[in-house]
Structures are given as structure tokens and as C-alpha cells.
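Accompanying notes for the structure given below.
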Amino acid sequence: MKKIFPLILVALIFLTGSALAKNVTVTGSGVTASDAENDALRMAVENALGVLVDSSTLVEKNMVIQDQIYTQSRGFVTDYKVINRQQISGLWQVTINATVDDSPNSKLMNELTRLGIINIQLRNPKIAVYVPETHIQYRVPDPAGETAIVKALIDAGFSQVTEVGSRMNVANPLNMTAQQLTSAAKQFGVDIMIVGEAFSEGVGDPAQWLPGRQTSNMQACRARVEAKMFIVRTGQIIGADGKFASGLDNSQAVASKKALAKAGQQMGEYFVQQITGMYTSQQGIEVIVYGSSFQKINLVQSAIGSVAGVKSCNLSSYEGGKAVFTVMYGGSPQTLFNSIQANTDADLNLQSISYNTLTLTVR
């Protein structure tokens with residue numbers, strides 16, 4: 001029998017520093033040595049883009065990338081060393097070892113964001129969740145743990161989340177390989193796959209552990225939800241964990257649902273942290289606030305600071321009733337506005353919204 005609560009150490013595989021500074025060795029060619037060196041720098045940046053941007057976007061935005069990114073390649077390379085320089089059949093070939101800065105706040109990432117080349121995958125990715133459930137005594141329909149994960153993601157501002165249980169039949173989701181996860185992601189058209197397993201088990205009347213082995217006509221259950229998150233764009237698992245929770249009700253079935261929902265909620269919150277910690281929480285949103293007084297603008301700043309997922313909120317400028325804030329936030333500008341509105345009694349009006357900019361007035 002499969003034990004419901006084995007002592008499992010789940011490996012946490014996070015993005016390391018090497019994923020944020022790509023080091024490559026490439027060879028460029030040209031009529032002159034300078035041309036060949038510039039071609040090698042372009043190839044280094046092109047190599048980095050192959051990891052950062054999906055292939056369909058590279059094709060769709062090819063002209064923009066050629067004109068706006070590759071022509072500025074030298075500015076995106078933080079350091080490089082010429083390894084070899086030679087002339088063959090009238091053409092120069094230059095081999096370099098280069099480091100391309102693709103950290104969240106790097107010049108390259110900011111430019112890709114400005115041009116709309118990297119957008120929805122960072123702000124609001126498409127996420128599929130598959131976490132089937134098993135109860136040790138009987139079948140539990142309609143997975144509560146999976147639903148709780150989905151709810152946590154949606155509450156955090158990720159609006160493109162779907163449960164795929166009815167369309168996916170995998171016996172051991174946690175054992176799925178990267179190839180299987182990639183295939184499933186393509187089937188559902190998503191950027192992120194969250195897969196796992198959930199278990200619940202009845203542990204009896206909790207009053208039985210009291211002195212005199214009393215009875216309360218209540219049933220207690222324990223549950224565990226285990227899951228991992230696969231990022232299709234990078235082919236990496238960036239998070240894996242398991243959460244325990246308990247539930248109590250006069251029905252064992254309901255108690256198990258309560259336990260599964262609690263564990264699923266914890267699991268969902270964990271994945272929200274992993275997603276927003278990749279790139280999104282380090283991507284700045286410019287919030288422009290027009291206010292009748294600086295006191296009103298302060299109310300907005302306080303509301304921004306209390307929004308879950310906001311890492312920092314800095315006043316960049318203030319003049320003539322216009323304040324500009326740089327906000328490090330993991331969700332979309334629309335979700336940020338909704339949260340600001342919920343965190344203050346001030347009269348707010350949304351003026352305009354774009355990928356990286358939120359403009360509002362406060363009275």
C-alpha cells in the first residue's frame with residue numbers, strides 16, 4: 001500500500017545566477033576584424049535571446065529584433081574576451097567569450113520589455129494545473145487541492161489559469177519527464193505546467209486522544225499536496241514542494257476536502273512566490289499619480305506599499321501635482337490598480353494602462 005505521508009525530501013531546483021548572466025563562446029565573421037568582432041557580439045546576444053524568447057516570437061518580431069536589438073549588441077554584453085582572431089580566404093573570423101546580462105533589470109531585459117518582445121510570459125503566463133487526488137479509504141471526487149492551487153494563482157492576479165484534469169490522464173504526474181511536460185504544455189497551449197499528487201487520510205475522532213478516550217462525533221483528516229512547476233520557455237523545474245494540512249468535520253469526506261483545500265492553498269501560495277520571484281517581481285511598473293495634494297498622493301503610495309507582491313515603491317519625481325513611482329511588482333498593472341483600490345478609501349480613477357505603465361488620479 002502506498003503510504004500517505006512518507007518522509008520525502010523534494011529537491012528544489014531554482015534558477016541560479018548562471019541563468020541570469022549567460023556566458024557563451026561564439027565566432028563571428030566579416031570583411032574587417034572589427035566587423036567580425038561586432039558579428040560575434042551579435043551572435044552572443046542572439047544566443048541569449050534563444051533562451052529568453054520563444055521561437056514563435058523570435059520569428060514574429062524578427063525585424064524589430066534585427067533593428068532594435070542586434071544593432072545594439074555591444075551595449076548588452078557586459079564583458080567579453082577575444083580568444084582568436086584570424087583571416088581566412090579574405091574574411092576575418094573572431095572568436096570571443098562573452099557575458100550577456102539578461103538579469104531582470106538589465107538593459108537587455110528592459111529593452112525587450114519596452115519593445116513588447118517579452119510581455120505576457122512574464123506578467124501573466126498561461127498556467128495549466130494537474131493535481132489528481134486519492135483518499136486512503138475511498139475515492140474523493142472533484143479535487144479540492146488542485147482547485148485551491150488554481151484559486152491562489154487567480155487571487156494573485158494570474159488570470160490565465162486552467163485545470164486540465166479531464167483532458168490529462170497520467171498515472172504519476174510527479175514522475176513526468178521534461179519531454180512529457182513540454183508535450184503536455186504544447187497540447188494545452190500554456191507557458192507553465194504545475195503537476196503533482198494529493199492524498200488524504202482519515203485519522204478518526206480527535207477526542208479519542210483526550211484523557212478517558214472520549215468521543216465527539218467529529219472526524220479528522222490529514223492531507224498532503226505535492227507538486228512541481230515546469231517553465232516551458234526554459235525547460236526548467238523552478239519549484240517543487242509538499243504541504244500538509246488537517247481538516248475537521250462530522251463527515252470524513254468533508255474533513256478530507258477541508259484538509260486538501262488548506263494544503264492546496266499553501267501550495268498555490270508557494271507557486272505564486274516562485275513565479276513572481278523569477279522575473280516579474282523585479283520588473284518595474286511606472287505608476288503615475290495625479291493628485292489634488294501631496295497628502296492624497298501619499299495615500300496612494302501607502303496603498304501601493306501594502307499590496308501583496310510589491311517589493312518596493314519609490315518616488316521618482318513630483319511636480320505640479322504629478323507623482324511618478326517606480327514599483328517592483330509581480331502582477332499586471334491592472335491587478336496592481338485593483339489592489340491599490342482595495343487598500344485605500346481614497347477616490348481613485350484609472351486614466352490609462354499599458355504593459356509597464358499605470359496612470360491614475362486621486363481626489
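The values are calculated or read from the model by the stated rules, or taken from the named source; none is laboratory data. All figures in this text were calculated on a predicted structure; none of them were measured in a lab. Cβ coordinates were reconstructed from backbone atoms using ideal geometry, including for glycine residues, and neighbour counts include every protein chain displayed. Please note that ligands, DNA and RNA were not included when accessible areas were found on the heavy atoms of the full protein model with its side chains. Shrake-Rupley method; radii C 1.70, N 1.55, O 1.52, S 1.80 Å.
Listed values, structure above:
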read-out: Solvent accessible area, Å² - E269, 1.4 Å probe, full protein context; value: 90 Å²
read-out: Cross-link partners of K257 among lysines (Cα-Cα below 27 Å; sequence separation of 8 or more within a chain); value: K2, K3, K126, K151, K228, K243
read-out: Solvent-accessible surface (1.4 angstrom probe) belonging to I88, in square angstrom, nearest 10; value: 80 Å²
read-out: With DNA, RNA and ligands ignored, accessible area of L210 (1.4 Å probe; Å², nearest 10); value: 90 Å²
read-out: Estimated inter-spin distance, Q86 and T71, nm [label 7 Å along Cα→Cβ]; value: 3.4 nm
read-out: S306, S200, ranked by accessible area, largest first (probe 1.4 Å); value: S306, S200
read-out: Local electrostatic count at V300 - Lys and Arg +1, Asp and Glu -1, tallied over other residues with Cβ under 13 Å; value: +1
read-out: Most to least accessible of R114, R224 (protein chains only, probe 1.4 Å); value: R114, R224
